[in-house]
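The values are calculated or read from the model by the stated rules, or taken from the named source; none is laboratory data. All values reported here derive from a predicted model rather than from experimental measurement. No Cβ is skipped: glycine too gets one built from the backbone with ideal geometry, and neighbour counts run over all protein chains shown.
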Amino acid sequence: MIAFGHNPRVEIRREPGLYIFLDYAAMGKSYLARMIGLACEGGMPYVPYTYLDYVRGLDLTSACERCRAELVMVDQYDLYWEDAALRRQIEEIAKRAVVLVDLKDSDVPLEPDDYVGIERTENLLEVS
């Protein structure tokens, strides 16, 4: 389990692998990506990856290697899923880190280890 933050505390109850969120909208995925980004800025081994990062040419593998990422969140992947090199990077990173993918298009050729959901209360944001 990966846990960080407070109010809300974030708990990711998964082992390394590739996970796609079950629900498509309004469950807190972008909020979770921001929380992961704040933790990353605080020195935690986490990497948020957004469409803006993709457009700017940020290499996901390099970003993960710099901090020895244990947690990666790929937000709004349906906007840039056609990049086969990035897809291979995501699959490779998932061998050693928890990779959470926000994906709204079920036709995207990405094979998850499992699907996850978010449960959110005032004090806890749990991914399981």
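Among the residues of the range 28-55, those that are within 19 Å of Asp78 (Cα to Cα), over 10 Å from the mean Cα position of the chain (by Cα) and buried (at least 17 other Cβ atoms within 10 Å of the Cβ) comprise Gly28, Asp53, Tyr54. Within the range 26-41, residues that are at positive phi have Cβ atoms under 9 Å from residues that are outside any helix (DSSP H, G or I) in these pairs: Gly28/Ile118; Gly28/Arg120; Gly28/Leu125, counting only partners at least 6 apart in sequence or on another chain.
If you check Leu103, Leu38, Leu110 for being among the aliphatic types (A, V, I, L, M) and under 22 Å from Asn7 (Cα atoms), only one passes: Leu38. Within the range 89-128, being among the charged types (D, E, K, R), in a strand (DSSP E or B) and more than 18 Å from Pro16 (Cα to Cα) holds for Glu119, Arg120. The residue of the range 71-88 that is surrounded by the most Cβ atoms within 10 Å (Cβ to Cβ), among those that are assigned to a loop (DSSP other than H, G, I, E, B) and among the charged types (D, E, K, R), is Asp75.
With the condition kept exactly as written, say whether any residue in the range 28-48 is among the hydroxyl-bearing types (Ser, Thr, Tyr) and assigned to a strand (DSSP E or B). Checked against the condition, which is being among the hydroxyl-bearing types (Ser, Thr, Tyr) and assigned to a strand (DSSP E or B), the range 28-48 yields at least one hit. Among the residues of the range 17-50, the ones that are modelled with pLDDT under 95 and of a type in the set (Phe, Trp, Tyr) come to 3 in all. Residues that are farther than 22 Å from Arg9 by Cβ, over 13 Å from the mean Cα position of the chain (by Cα) and surrounded by 13 or more Cβ atoms within 10 Å (Cβ to Cβ) within the range 101-128 comprise Lys104, Val108, Leu110, Asp113, listed in sequence order.
Checking each residue in the range 56-70 for being surrounded by 13 or more Cβ atoms within 10 Å (Cβ to Cβ) and part of a helix (DSSP H, G or I) picks out Leu60, Thr61, Ala63, Cys64, Cys67.
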